[in-house]
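Since the structure comes first, as structure tokens, the remarks are kept for the end.
The values are calculated or read from the model by the stated rules, or taken from the named source; none is laboratory data. The shown structure was predicted, so the numbers you read here are calculated from the model rather than taken from an experiment. Virtual Cβ from ideal backbone geometry, glycine too; neighbours counted across all protein chains shown. These accessible areas exclude ligands, DNA and RNA; they are computed on the full protein's heavy atoms, side chains included. Shrake-Rupley method; radii C 1.70, N 1.55, O 1.52, S 1.80 Å.
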Amino acid sequence: MIWNTVESASREAIEAIQLKRLQETARRVYALNPFYKEKFEERGITPEDIRSLEDLQRLPFTRKQDLRNHYPFGLFCVPMSEVVRIHSSSGTTGKPTVVGYNAHDMEVWNEVMARVYTMSGVGAEDVVHNAYGYGLFTGGLGFHYGAEKVGATVVPASGGFTDRQLMLMRDFGATVLACTPSFALHLAEVAAKAGSEFRKDYKLKVGIFGAEPTSEGLKKEVAKAWGIEYREVYGLSEIIGPGVSCSCSHSDRLHLFEDHFLPEIIDPETGEVLPEGERGELVITTLSKQALPIIRYRTGDITSLVKEPCGCGRTMVRMESIVGRADDMLIVNGVNVYPSQVEHVIANAEGVTLNYQIIAEKKGHLDKLEIMVEVSEEIMTDNVGELERIRKEIQASLLNNLYINADVKLVEPNTIERSMGKAVRVVDKRR
Ligand SMILES: [Zn+2]
């Protein structure tokens, strides 16, 4: 089932919508917000210069810091009397990021969340147990109103209270679980303690998970623990909240609702737009938001985009599950490396744990990469031959998959330096 026929429209039709809406958005921010007007003027352009989608590249980037600098409502493009909702993300340092919605924006949000639910096979017969936090974060209310829009029954459980959540899921017959993957796993572990056959007590068929970086390993674990289909949702409050993209039944990649959000992939170092399929930083321009339209927002998330049609019938561009953060990127002899990619290789190796450390150094003019990996407790550390085989396998896999020539060292459990209980992932001695 597809919620809106636009999701399977032709490329030409999608691009026609995008261009029209991009021009409207450019006119809107230029006319209504001094911040954007100044940024456009700095580049010597006006909204009339946007004649094709390629002209998007002439527009300035917007960064999280711009939102903070104009705290709280400085980037809004409507009077406060028109704003019907405020959300905010907590900042670990300084002021939070504040976002606002008018009635039209709420419709857009509910529409994209309805697409997410429909893509996940959720409809009027379903009971959605929503354990995303309700409040200033966009998760709870975003998932809530989208579920109502498709006619499902929503249980607004919010976070915490594991035992009570499990009771509600059981007694109300939840068929859909919406929460972070780590909370889903926690719920499963607590439920399993009540009895190994616990899954019989629940009617769950699908989970819609997001809001935190998630390894393939964790996804599999969550799906297996509950015996459900795993759907991944992506979003961020600066763009709208959850509902920017979602994975379908045919692909691990996430369909991005590009009639509302125009994506680009750029080289995070140079800002240059990269060709289709290449990995880089995701940049999004909102196409239909009115209260807080945003031009070329630097998400900091690393992914890639492909436009080829999907088996599910949707034509909307598909993004790869986020592979890392632009801030974490290491450049090693000209090759971009993300710790999450290294982690993925290690996760697929046997006899080792996910406690690893990447050490980058200069040797002459070249970069040298050493990767220390702690072996698991079970492995016989005196079996030198076996250890050497594992080590070589990881080294070969890094070269084949990531094109990096790294020196892999296996070390005893609990030997890598830890910070707040977690192994320190990257030590860059070149800086
Ligand atoms: Zn699909």
Let me check something: with ligands and nucleic acids excluded, how do Ile295, Ile17 order by accessible area (1.4 Å probe), largest to smallest?
Ile17, Ile295
Taking a straight Cα-to-Cα line shorter than 19 Å from Lys193, and setting aside same-chain aspartates and glutamates fewer than 8 residues away, one finds Asp163, Asp171, Asp201, Glu221
Relative contact order of the range 241-320 (C-alpha contacts under 8 Å, at least 6 apart) in percent is 31
Per GNM of the chain with C-alpha springs under 10 angstrom, the most fluctuating residue out of Phe35, Phe257, Phe137 is Phe35
Please report how far the C-alpha centroid of the range 120-144 lies from that of the range 15-59, rounded to the nearest whole angstrom.
34
Solvent-accessible surface ranking, highest first, for Lys409, Lys224 at 1.4 angstrom
Lys224, Lys409
Taking the Cα centre of the range 1-126 as the origin and placing charges on Cβ (Lys, Arg +1; Asp, Glu -1), which of Ser88, Leu53, Asn102 is farthest toward the positive end of the dipole?
Ser88
Running a GNM on the chain with Cα contacts under 10 Å, which residue among Lys193, Lys39, Lys289 ends up with the highest mean-square fluctuation?
Lys193
Taking the simple approach of a point 7 Å from Cα along Cα-to-Cβ for both Asn69 and Leu32, what is their distance in nm?
2.2
Taking the Cα atoms of the range 24-165, what is the range of coordinates along each of the three principal axes, in descending order and whole Å?
58, 36, 28
Carbon and sulfur atoms: what percent of the 1.4 Å accessible area of the range 96-242 do they account for?
55
For Asp428 paired with Ala124, estimate the spin-label separation in nm (one decimal), with each label point 7 Å from Cα along the Cα-to-Cβ line.
5.5
Projected onto the charge dipole of the range 1-118 (unit charges on the beta-carbon of Lys, Arg, Asp and Glu, signs +1, +1, -1, -1), the Cα from Leu32, Tyr117, Phe73 with the largest positive-side position is that of Phe73
Ignoring everything except DSSP H segments at least 4 long, calculate the 222 nm mean residue ellipticity for the chain; use -39,500 (n - 2.57) per segment, divide by total residues, nearest 500.
-9500 deg cm²/dmol
Taking a threshold of 32 Å on the Cα-Cα distance, which of the pairs Lys20/Lys149; Lys205/Lys392; Lys37/Lys95; Lys307/Lys363 fall above it?
Lys205/Lys392; Lys307/Lys363
So if I take the centroid of the Cα atoms in the range 355-418 and the same for the range 195-255, what is the distance between those two points in Å?
31
Measure off 7 Å from each Cα along the Cα-to-Cβ vector at Lys220 and Ala192, then give the distance between these two points in nanometres to one decimal.
1.5
For the chain, with only Lys/Arg (+1) and Asp/Glu (-1) charged at the beta-carbon, what is the dipole magnitude about the Cα centre, in debye rounded to 20?
700
Computed accessible area, Thr270, all protein chains, 1.4 angstrom probe, square angstrom
90
Straight-line reach from Lys200: which lysines have a Cα under 28 Å away, not including same-chain ones fewer than 8 places off?
Lys219, Lys220, Lys224
Hydrodynamic radius of the chain per Kirkwood, over alpha carbon pairs, in Å:
23.4
Which value, in Å³ per residue, describes the convex hull spanned by the Cα atoms of the range 140-250?
107
per DSSP, antiparallel bridges as share of beta bridges in the chain, % nearest 5, sits at 65
Length-normalised contact order of the chain in % [C-alpha pairs under 8 Å, at least 6 apart]:
13
Solvent-accessible area per residue, Å², over the chain with all protein chains present [probe radius 1.4 Å]
46
Once you keep just the Cα pairs under 8 angstrom separated by 6 or more residues, what percentage relative contact order results for the range 188-245?
32
Please report the accessible area of Tyr71 (heavy atoms, 1.4 Å probe, ligands and nucleic acids excluded) in Å², nearest 10.
100
